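The values are calculated or read from the model by the stated rules, or taken from the named source; none is laboratory data. The model shown is predicted, which means the values in this text are computed figures rather than measured ones. Cβ coordinates were reconstructed from backbone atoms using ideal geometry, including for glycine residues, and neighbour counts include every protein chain displayed.
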Amino acid sequence: MSTASASTLPRPSDQLAPGQLQKMLYDMILIRRFEEKTMQAYMQQKIGGFCHIYIGQEAVAVGSISALDQADPQKDPVVGGYRDHGFALAKGMHPNYCMAEMFGKVTGCAKGKGGSMHMFDKDRGMYGGHAIVGGQCPLGAGIAFGIQYEEKDGVVLCYLGDGALNQGAFFESMDLAAIWNLPVIFVLENNGWSMGTHIARGTAMAHDLKAKAEAFGMRYAECDGLDVLATFDCFAREVAATRNAKNPQWHRGDWDKLAYHRDGNANGPCFINVKTVRYQGHSMSDPQKYRKETGEVENAKSRDPIQGLVRHLIERGLATQEDITALDEKAKAMAAEAVAFAEASPDMPASEMFTDVYADVYGPYIAGGLPGIVTNKNSGQ
Amino acid sequence: MSERKIQYREAIREAMQEEMRLDARIFLMGEEVGEYNGSYKVSEGMLEEFGPRRIIDSPIAETGFAGLGIGAAMYGLKPIIEFMSWSFCLVAADQILNNAPKMRYMSGGQFGCPIVFRGNNGAGGQLGSTHSWSMESMFSSVPGLKLAVPSTPRDAKGLLKAGLKGQDPFFSLESERMLGMGARGRKDFSRYLHDGDLWAPPENDADFTIPLGLADIKKAGKDCTIVTAGRPVHFALEAAEALEKDGIDIEVVDVRTWRPLDIETIVKSVQKTGACVVVDQSWPFASVGSEVVAQIHERCFDDLDGPVLRVHNDDIAAPYNRNREQDMLPNARKITEAVKAALYRA
Ligand SMILES: Cc1ncc(C[n+]2csc(CCOP(=O)(O)OP(=O)(O)O)c2C)c(N)n1
Ligand SMILES: [Mg+2]
């Protein structure tokens with residue numbers, strides 16, 4: 001769907017009530033304030049490992065997730081890469097659990113076993129941040145396969161970075177989603193960089209990513225990921241067009257006529273190119289030498305997604321400056337509370353070391369773990 | 001005594017540079033190796049020296065570029081394929097385990113595969129379970145490849161140069177935690193190195209290599225043999241200090257390459273000491289550690305005063321939590337305990 005024709009369509013965001021718009025604004029501010037605290041805590045070495053900041057990309061998570069079913073968070077699952085704090089929070093994960101996880105605390109969403117790159121929240125339909133680039137793509141297809149198999153009407157959002165476009169796992173997942181017409185949307189968070197590699201150096205057809213979808217006969221859409229309402233509009237339409245995707249191979253027969261999901265009318269999977277900008281380095285340890293002169297962050301900041309929605313609300317009288325200040329105060333308080341909660345929580349205890357390895361435990365995993373030395377007494381592993 | 005100050009990462013770079021100057025068929029390919037100067041600065045300055053034809057930034061496409069390297073090696077080039085971390089090579093497992101080590105055999109000797117795969121191995125520091133792989137055990141079981149886990153700048157350079165001069169697929173498992181090691185010259189445990197020169201590689205000696213399959217006794221001793229490689233060599237040397245206070249004198253055998261394994265040096269040491277602990281930074285089950293224990297029991301049963309004990313990563317995925325990650329890994333305390341247990345002095 002080209003942006004030109006999209007602009008002539010009615011905008012789904014016009015139907016949003018002021019309360020819903022304010023909620024979207026709050027969700028974006030919360031991510032920003034939360035990530036500011038994350039950076040601070042990382043600097044203070046309270047957070048370790050690799051830590052990827054979501055600032056700048058808030059509208060991607062919030063615009064897309066706001067277009068999912070709001071009543072039942074498990075109905076429309078999300079899964080993604082390691083830059084996951086943003087879509088974890090937007091999906092409804094409590095900031096306390098997210099921050100505590102990064103502090104390695106037992107109160108974190110994964111008990112301190114996962115860390116920044118592995119946010120999971122089953123109750124919220126958050127199937128995880130995944131740290132191997134592209135590794136989430138087959139998972140997204142698989143969750144969609146489950147939905148289709150059970151004849152439910154959920155839609156999966158599978159987030160990936162532009163660097164993941166070059167992984168075999170991405171291509172194979174696109175193919176599977178296309179041949180079985182799975183209810184999944186591959187959400188490209190296109191910030192133009194994979195670490196220090198510009199998208200044009202790593203991806204063929206970077207100037208026209210529609211080609212990636214066309215190669216699989218898949219629907220393509222794109223939107224401005226610095227504009228949360230444009231992102232919401234795009235996702236509202238595409239989510240509707242992905243729901244209830246039917247598997248053409250559930251009917252055996254004329255294989256050469258198997259192209260019906262490509263006719264543009266039947267619901268099916270989609271590839272959405274969301275153009276965004278990461279304000280920070282790739283991770284907390286990236287000095288960004290490759291990017292000094294581009295000016296892209298300054299340009300993006302002049303179209304900052306949060307400021308954009310603030311302007312929209314004020315200009316249309318949908319919120320007052322006081323409302324906005326109150327939302328920001330609330331977000332700041334939540335972020336501060338998350339840090340306080342994480343600080344006060346106990347470390348992941350040694351007794352958790354050997355738990356969660358198996359569901360049906362045996363041997364060393366029953367007793368809660370063995371010492372590190374393998375002797376003839378405990379080598380029955 | 002060498003006074004050379006050279007980091008582990010610089011030693012790896014030096015090996016690549018020297019061999020690339022000698023052999024125009026060698027190129028380096030990997031993520032961020034060029035314009036970014038290497039995500040861990042191992043290849044810093046190499047784009048400057050060799051240009052973009054030979055220092056090649058690849059997209060995040062490990063199956064593609066690892067396999068491309070294998071094809072290029074079959075054709076006659078000598079690729080160095082860098083994995084930013086060995087943890088990321090698993091998406092390319094078919095290429096590096098199914099193609100590279102078997103090509104010569106499958107083709108009845110027609111196509112060799114002289115290729116070097118290298119990158120960071122082992123837990124980095126709270127990187128979580130997918131990013132903390134120690135590959136030595138899984139990979140070493142595959143015939144057709146050679147695999148080194150260097151513990152000093154000297155070994156890193158000498159082994160990599162040997163790998164680059166060789167004709168077989170060579171896997172260099174470097175340690176992120178040791179990349180900056182050696183920055184302060186002959187520091188740390190150099191007093192234990194039986195020859196002070198063994199910390200830093202020689203300067204201006206392009207012919208210097210370390211043969212693959214030759215263990216190095218990092219510290220001689222008479223009471224108990226420690227067999228290990230890579231970063232745990234330093235934990236073993238640290239344990240040696242602690243044990244010295246209890247009057248226990250350990251011998252640290254650094255195998256340097258798990259495949260080929262220098263079992264003769266290990267056997268000789270165990271025959272001398274009569275006790276042995278194997279330290280291996282991968283998981284215990286079906287590991288290089290268990291393989292060495294099996295071979296020692298086959299060869300030294302009558303020389304041993306008790307069973308050979310092992311120190312490994314705990315048998316779990318790496319936890320993110322800082323303290324628990326440390327608990328999970330081999331360390332000097334665990335080695336000290338194991339030695340005392342092996343000597344019945346616990
Ligand atoms: C298979 C694999 N190779 C390499 C890496 C190291 N790595 C982590 S993130 C990254 C860059 C990814 O960039 P992109 O997909 O654009 O996502 P962004 O960071 O921009 O969100 C790289 C190379 C990895 N995690 N997995
Ligand atoms: Mg990117």
Unmet requirement for B:PHE27, which otherwise passes all of (1) in a helix (DSSP H, G or I); (2) more than 15 Å from ligand 1 (Cβ to nearest atom); (3) aromatic (Phe, Trp, Tyr): (1)
Matching residues in segment A:142-162 - criterion: being closer than 19 Å to A:LYS122 by Cβ and touching a residue at least 24 places away in the same chain (Cβ under 8 Å): A:ILE143, A:ALA144, A:PHE145, A:ILE147, A:LYS152, A:GLY154, A:VAL155, A:VAL156, A:LEU157, A:CYS158, A:TYR159
Extreme residue, nearest to the other protein chains (Cβ to nearest Cβ), among residues of segment A:149-170 that are out of contact with any Gly (no Cβ under 9 Å at 6 or more places or on another chain) and farther than 18 Å from A:PHE87 by Cβ: A:TYR149
Given (1) within 16 Å of ligand 2 (Cβ to nearest atom); (2) within 14 Å of another protein chain (Cβ to nearest Cβ), index of the condition A:PRO287 fails: (1)
Go through segment A:124-146 and give me each residue that's more than 13 Å from ligand 1 (Cβ to nearest atom) and closer than 21 Å to A:ALA61 by Cβ. A:ARG124, A:GLY125, A:MET126, A:TYR127, A:GLY128, A:LEU139, A:GLY140, A:ALA141, A:ILE143, A:ALA144
Set A:GLY56, A:GLY49, A:GLY81: member being within 16 Å of ligand 1 (Cβ to nearest atom), in contact (Cβ under 8 Å) with a residue 24 or more places away in the chain, on the phi > 0 side of the Ramachandran plot and within 14 Å of chain B (Cβ to nearest Cβ): A:GLY49
Mind listing whichever residues of segment A:178-205 are without any contact (Cβ under 8 Å) to a residue 24 or more places away in the chain and either within 8 Å of ligand 1 (Cβ to nearest atom) or of a type in the set (Gly, Ala, Ser) (or both)? A:ALA200, A:ALA204
Entirely in segment B:251-346, the strands (runs of 3 or more DSSP E) that have 3 or more residues that are within 9 Å of another protein chain (Cβ to nearest Cβ): B:309-311
Among the residues of segment B:128-165, the number that are in contact with a Gly (Cβ under 6 Å, 6 or more places away or on another chain) and without any contact (Cβ under 8 Å) to a residue 60 or more places away in the chain is 0
Go over the candidates B:ALA275, B:ALA286, B:ALA317, B:ALA294 one by one and state the one that is crowded, with 20+ Cβ neighbours inside 10 Å, assigned by TED's automatic domain parsing to the domain that holds B:ALA220 and of a type in the set (A, V, I, L, M, F, W, C). B:ALA275
Would you please name the residue that is farthest from ligand 2 (Cβ to nearest atom), looking only at residues in segment B:67-87 that are within 23 Å of B:ALA11 (Cα to Cα), of a type outside the set (S, T, N, Q) and within 14 Å of another protein chain (Cβ to nearest Cβ)? B:TRP86
Name every residue in segment A:306-365 that is of a type outside the set (A, V, I, L, M), over 28 Å from the mean Cα position of the chain (by Cα) and more than 18 Å from A:LYS113 (Cβ to Cβ), in order of residue number. A:GLU315, A:ARG316, A:GLY317, A:THR320, A:GLN321, A:GLU322, A:ASP360, A:TYR362, A:GLY363
Test of understanding: among A:GLY125, A:GLY86, A:GLY114, which residue is away from chain B (no Cβ under 13 Å) and surrounded by 24 or more Cβ atoms within 10 Å (Cβ to Cβ)? A:GLY86
Just checking, does segment A:133-146 include any residue being farther than 21 Å from B:GLY64 by Cβ, touching a Lys or Arg at 6+ places or on another chain (Cβ under 9 Å) and assigned by TED's automatic domain parsing to the domain that holds A:GLY281? yes
Kindly establish whether A:GLU222 is within 15 Å of ligand 1 (Cβ to nearest atom), modelled with pLDDT of 95 or more and surrounded by fewer than 24 Cβ atoms within 10 Å (Cβ to Cβ). no
Scanning segment B:72-83 for residues that are surrounded by fewer than 22 Cβ atoms within 10 Å (Cβ to Cβ) and aliphatic (A, V, I, L, M) gives B:ALA72, B:MET74, B:LEU77
For segment A:148-192, which residues satisfy the criterion of being among the charged types (D, E, K, R) and more than 16 Å from ligand 2 (Cβ to nearest atom)? A:GLU150, A:GLU151, A:LYS152, A:ASP153, A:GLU172, A:ASP175
Quick check on segment B:96-110. Is at least one of its residues away from chain A (no Cβ under 14 Å) and either within 16 Å of ligand 2 (Cβ to nearest atom) or hydroxyl-bearing (Ser, Thr, Tyr) (or both)? yes
Between B:GLU31, B:GLU44, B:GLU19, which is at pLDDT 95 or above and within 24 Å of B:THR257 (Cα to Cα)? B:GLU19
Could you tell me which of the residues A:THR320, A:THR294, A:THR325, A:THR276 is surrounded by fewer than 15 Cβ atoms within 10 Å (Cβ to Cβ) and within 16 Å of ligand 2 (Cβ to nearest atom)? A:THR294
When you go through B:VAL116, B:VAL149 one by one, which is the residue that is under 16 Å from B:ALA229 (Cα atoms) and among the β-branched types (Val, Ile, Thr)? B:VAL149
Restricting attention to segment B:53-76, which residues are over 22 Å from B:PHE111 (Cβ atoms), of a type in the set (Gly, Ala, Ser) and either more than 16 Å from ligand 1 (Cβ to nearest atom) or touching a Phe, Trp or Tyr at 6+ places or on another chain (Cβ under 7 Å) (or both)? B:SER58
Could you grab me the full set of residues in segment A:1-46 that are among the aliphatic types (A, V, I, L, M), surrounded by fewer than 18 Cβ atoms within 10 Å (Cβ to Cβ) and modelled with pLDDT of 95 or more? A:ALA17, A:MET39, A:MET43
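For segment A:171-186, check the following and say yes or no: at least one residue is buried (at least 24 other Cβ atoms within 10 Å of the Cβ), out of contact with any Leu (no Cβ under 6 Å at 6 or more places or on another chain) and within 14 Å of chain B (Cβ to nearest Cβ).
yes
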